[in-house]
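The values are calculated or read from the model by the stated rules, or taken from the named source; none is laboratory data. The shown structure was predicted, so the numbers you read here are calculated from the model rather than taken from an experiment. Don't worry about glycine lacking a Cβ; one is built from the backbone with ideal geometry, like all the others, and counts go over all protein chains shown. Keep in mind that these areas ignore ligands, DNA and RNA; they rest on the heavy atoms of the full protein, side chains included. Shrake-Rupley method; radii C 1.70, N 1.55, O 1.52, S 1.80 Å.
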Amino acid sequence: MPPFVKICGLSTPETLDAAIRLGATHIGLVHYEPSPRHVDLKTAAELRRRAGSAVKVALLLVNASPQVTGAAYSAVRPDIIQFHGTETPEWIAAVKQHVPVEAWKAVGLKDAGTLERSRQYEGIIDRLLFDAPAQALPGGTGTRFDWTLLVNHRHTMDWGIAGGLTPANAAEALAATGAPLLDVSSGVESAPGVKDVDKIAAFLKAAGR
């Protein structure tokens, strides 16, 4: 079985349509103003409606307040909220009590200790996303983590990998980690926030979609 592939940070109807047509299983919409991939809630809602049921749609939030999270969910109605900041298990559990949505948590993977700490989300989130450690911005930095940290790791939750993935290393990442999901953003761009359809096609082909 090929892995699931999420194309994250989409912001235009054209690139959304291309990602779906070319075989993506998930798409990500970033609602975080400092990001070059930020889309406002009106745009996110339009893109979500355009995607329909062809793919699962994730809305990425970073340390959003309860009010912002609720408003974002109500406006966009995503299948998934991807928590990409320092949200605690307690915070995500509280959100899930009020919002009937799948929850993913991105974790910057620095060392084996991070793997152990990530177990605190077990039973609360629906997927753990191992990413490169946060820099000035969380995610979308084009930086990869040490994939060998996942070798022989016993996963107790659904999971995936992000961070520094490109068409050139997607197959290597799969071989090294056995990841069931690849999440790519800057690796399929021609400039920050500008998705490249040819790179999306190349990435999906390299991932076996």
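Residue separation times 0.36 nm, minus the C-alpha to C-alpha distance between ALA112 and ASP17: what's the value?
Going from the current span to full extension adds 30.3 nm.
Mind checking which aspartates and glutamates have their Cα closer than 15 Å to the Cα of LYS199? Skip sequence neighbours fewer than 8 apart in that chain.
GLU14, ASP17, ASP183, GLU189
Per the 1.4 Å probe, what fraction of the accessible area of region 157-206, in percent, lies on carbon and sulfur atoms?
Ligands and nucleic acids excluded, carbon and sulfur give 56 percent.
GNM, the chain, Cα, under 10 Å: largest mean-square fluctuation among VAL30, VAL101, VAL151?
Among VAL30, VAL101, VAL151, the largest mean-square fluctuation in the Gaussian network model of the chain belongs to VAL151.
For the chain, what D do you get in µm² per second when you plug the Kirkwood radius from alpha-carbon pairs into Stokes-Einstein at 20 °C and 1.002 mPa s?
127
If R0 is 22 Å, what FRET efficiency do you get for GLU172 and VAL197 from their C-beta distance, rounded to 0.05?
The computed FRET efficiency comes out at 0.45.
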